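Engineer: I'd like to ask some things about the structure below.
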Amino acid sequence: MSNIAVVGCGAVTELMYVDAIRRLKQQDPGINITALVDRNIESANKIAAALGQETGCLTDYEKLFDKRADSVIITLPNFLHARVASEFLKHGINVFLEKPMGTSIAECDDLIKASADSGAVLAINHFRRRYPSLQVIRNLIQNNVFGRMTGFNVYEGRKYDWPLSSHWLFDSSINKGGTLIHNGCHTIDILIWMLGEMEILDYRDDLIKGKGIESDCDITVRAKDGAPGKIRMSFVTRLKNRHFYEFEKGWIAWNSDDVTGFEFGYWDIPSVQKVNLEPSAGMNSKSLFKKPIRNFSLMDSFTELIDNFLKSTRKEAGLYVDGHDAKRSIEFIDKCYSSRKPIIKSWKAPTGQVPADTYNKETIAVLGASGFIGSNLVQRMAELGFNNVRPAVRNYSKGAAICQTGYPLHVADVKDKQSLIKLFTGCSTVYHCAVGDEETMVSGISNCIDAAVAANVKQLIYISTARVFGYDYTNINDASSPKPPQWNSYALSKTSAEKIIEDARAKYSIDIRMVRPCVVWGPNSALWTLNIMNKIISGKMFLLDEPQSVSNLIYIDNLIDILLLVKDNTKARNANFNVADFNPSWKEFIGAFCGMLDVPLGNIPTVSWEEANESLKKSYAAMAKKAFNEVIKVQEVKDLILSLPYSKRYVAKRRERLDRKMQGTGGEVKPERPKPEIEKSFLHLQNCRTVLKCENLRTLLKYEPRVDYQSAICRTREWLAFNGFIK
C-alpha cells in the first residue's frame, strides 16, 4: 500500500501528473491518493474530480505532517520546491519533487541532508533520462562508438505558453532565474548525465540593466574530454530544438521532443541513419540497443520515474534520479548566474541617450506587451531607462517576452473594461499594441478608449495597419479614409477600430494617435523573418511575376523609434501616421533570405497572377476536402450520418468511397517536389506597385530611419546566426 498526497494542483499536475497517477493506479491498485493540497481549493477539487475519487482536499500542506501520507508529490512554484520539500523530509515523509530541485546549492544541500537524517526518500523529476533515445545516445557516447567527441551544440527554445495562475515565474523578487533554471535544468541535467561535468567558459543572458529574469541565454562550455560546446536556450524564440554531437568518425543528432528516435552518420559515408526505438525497427539481442523497446511516449518516461520512486520507498529498487544527481545541474546553473554577462546583441540598433528626467515623470501602459511590436517597445523603454512602465498581457503565461526588463507584469484583457481602468489609472500615455480576433480588436478599442477616458489618460497611441487601405496605395496619404478588401478579416477589424477612434476624437478630449505600419520585419519576427525562411527551406515560397512590385517594409527598430517620436511630438495631436521605410521589390527582399540560406533565388518558382489565383481555387477545394475527411472521423458525426435515412446519407458515403479510390490501394508513392504555397494576402502584397506615402513622418516627426535597408538585412542575418537558423 502506498499512501500518496499531491501538494500543488496547478497546470503541471492537471496536464501531466493526473494521467501518470491513473496509469500507476491501474498497474498497482494498492496506490491510494490520500490528499490533494492547493491554496486554491477549487484547483484541488478539480484534480480530485479528474482522478475520479473522493480525496481529501486541503489548503494547508502542514496538515499532512500527521502521516496520513507516507509519500508526497510536490509540484509547487520553483521558489517553494526546496522549502516545502525540506519540511516533509524532516517529518520522515518521502518526496517526489518536480524540477528544479532548488534554486541554489544551499537549498539542494539542505534537502540532501534532510533526506539522509530522516531516512526519507528524495527523488527529482528529471524524466528525460528515461527516454529510450537518450539512453541509447548516452550508451553510444560513453562507449566511444564514433570515437572521441570533437564538439557539440544544443538549441532548445520555444515561446513560453505553459498555463500560469500567478506572476511568480517572471517575478525576479521571488524567482531566481528564467529559461536556464526553469526549462534548462532538464537540458543541463541530461548533458551532465551523458557527457560528465562541463567547464563553463562563458555565460551570457539578456537581462536589461541587470533587472528581471533571463528570457534568452547563451553558454560556451568545454566537456571533460576537451570538446567545445555551445548551449543556447530561449523562452521567446522557437529554436531548432536539436542537439548535434560531433565525433572523430561521425555524428549524432537528436530532436529534443523525440522520445524514441535520433539520427546518426559517419563522415566518410554520405548518408543519414534514422533510428526509431520501437519493435518495428528490427532490433535483436545482438543490437546496440540490447532489446526491443515498445512504443514509448513522454508520459511513459514520466510515469516510469514516479513508479521507480514508489518502489524505492518500499526498498524494491534504487532511485533513477536522487538529490546528489539533480544537484549537479543546479551547481552548473548557479555558476552560470554568478558569472553572467550580457548577450552582445550585434543585431540591435544603438539605443541612444535621453535625459533621465524626461521619462521618470510619467507612467506608460503598453497593451499587447507580449507581441512582436509590444515586446520590442517595452524592451526599448527599459534600455532607455524608463522607470514607470506597465507592460500588460492577457494572462501570466505571456510574460516571457518582457521578463528581462524587470518591469512588474500586469494582466489586463481589452475585453474587460474594469481591468483596463485599473491598469490605466495614474498613466499619462497608453500604447495599444494588442491584436486578436474581430471581437478583441473592435470591442477592445472601444473598451480601451472608455477606460482611458475614465482614468484621465492624456494620450492613446493605437497600432493599426496599412492594410486598411488594401494593397494599392495610389492617392493614399495619412488622412485618407480606409478602404479594406472585404475578404481580409484583419483589415476589416482594424478599419472598424479606426472608425471607433474617429468618433472618439470628436467626442472626447483625449489625444488619440494612430500608427499604420505595413510589413514589420527583423529579428524575432515570426511572420516576416522566420516564416519567410521556413517557406524557402520547405520549398513553399513563391514569387509573383510582377517586376514593379513594392514591399513597403518597416524594420522593427525603426518602428520603435517612430512610436517613441509619436508620443513626444507636441504637434501631432490626433494625427495619423502611415509607416514604411524601405521599398525593395519582393524579389530583392526574398532574395536576401535566399542568400542567407545559400539557396539560389532561381529555385523559387515564379507564378503569374492568373496561375496564382487558379492555385488558390484548388487549395480552397483541397482544404474543404481535408476538413470533410477530418469531420467524418469524429464518432459523433459518424453516428449522426448513420442515423439518417439511407437516401440522405448517400452523399457522405459516396464521398468516403471516392476518397478511398483517390488514395489508391497500395504500392510505393514517390515523394512529390514541394509545391509553392499560395497565400492570398501575400499574393496581393506582392502585387502592390505603389509606395505608401508617409508624409507625417517627415513633416511632423522629422523622421529619418536610423537603420538603412542593407544594415537591417545584416542585423537580421546576425540574429538568425546567433539562434542557429543559419551558419
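A short reminder: the numbers here are calculations on the coordinates, not readings from a lab. Note that this is a predicted model, so its numbers are computed, not measured. Please note: Cβ atoms are built from the backbone with ideal geometry, for glycine as well, and neighbour counts cover all protein chains shown.
Engineer: What are the semi-axes of the equivalent ellipsoid for region 105-181, taken as the square roots of 5 times the Cα gyration tensor eigenvalues, largest first, in whole Å?
Structural biologist: 31, 24, 13
Engineer: Let me ask something else about it. Just the C-alpha atoms of region 435-541: what Rg/Rh do they give, with Rh taken as the Kirkwood radius?
Structural biologist: Rg/Rh for region 435-541 comes to 1.05.
Engineer: Please report the relative contact order for the chain, taking Cα pairs under 8 Å with a sequence separation of at least 6, and give it as a percent rounded to a whole number.
Structural biologist: After rounding, I find 10 percent.
Engineer: Related question: What order do you get for 458-464, 16-22, 219-225 when each peptide is scored by the mean count of other beta carbon atoms within 10 Å, highest first?
Structural biologist: Going by the mean number of other Cβ atoms within 10 Å, highest first, we get 458-464, 16-22, 219-225.
Engineer: In debye, nearest 20: dipole of the chain around its Cα centre with unit charges on the Cβ of K, R (+) and D, E (-)?
Structural biologist: Rounded to the nearest 20 debye, it is 1300 debye.
Engineer: Okay, moving on. Considering the options 34, 52, 152, tell which one lies farthest towards the positive end of the dipole of region 8-154, charges being +1 on Lys and Arg and -1 on Asp and Glu at the Cβ, about the Cα centre.
Structural biologist: Toward the positive end, the furthest listed residue is 152.
Engineer: Just the Cα atoms of the chain: what Rg and Dmax do they give in Å?
Structural biologist: 28.6, 82
Engineer: Output the pairs from 159/680; 113/315; 211/335; 67/315; 240/727 with a Cα-Cα distance over 23 Å in this structure; if there are none, say none.
Structural biologist: From the list (159/680; 113/315; 211/335; 67/315; 240/727), the Cα-Cα distance tops 23 Å for 159/680.
Engineer: Summing -39500 (n - 2.57) over the DSSP H runs of n ≥ 4 in the chain and dividing by its residue number, what mean residue ellipticity at 222 nm do you reach, to the nearest 500 deg cm²/dmol?
Structural biologist: My calculation for the chain gives -12000 deg cm²/dmol from helical runs alone.
Engineer: While we're on this one: Can you list the aspartates and glutamates whose alpha carbon sits under 14 Å from that of residue 415, skipping same-chain ones fewer than 8 residues off?
Structural biologist: Straight-line reach from residue 415, under 14 Å: 437, 438, 439, 450.
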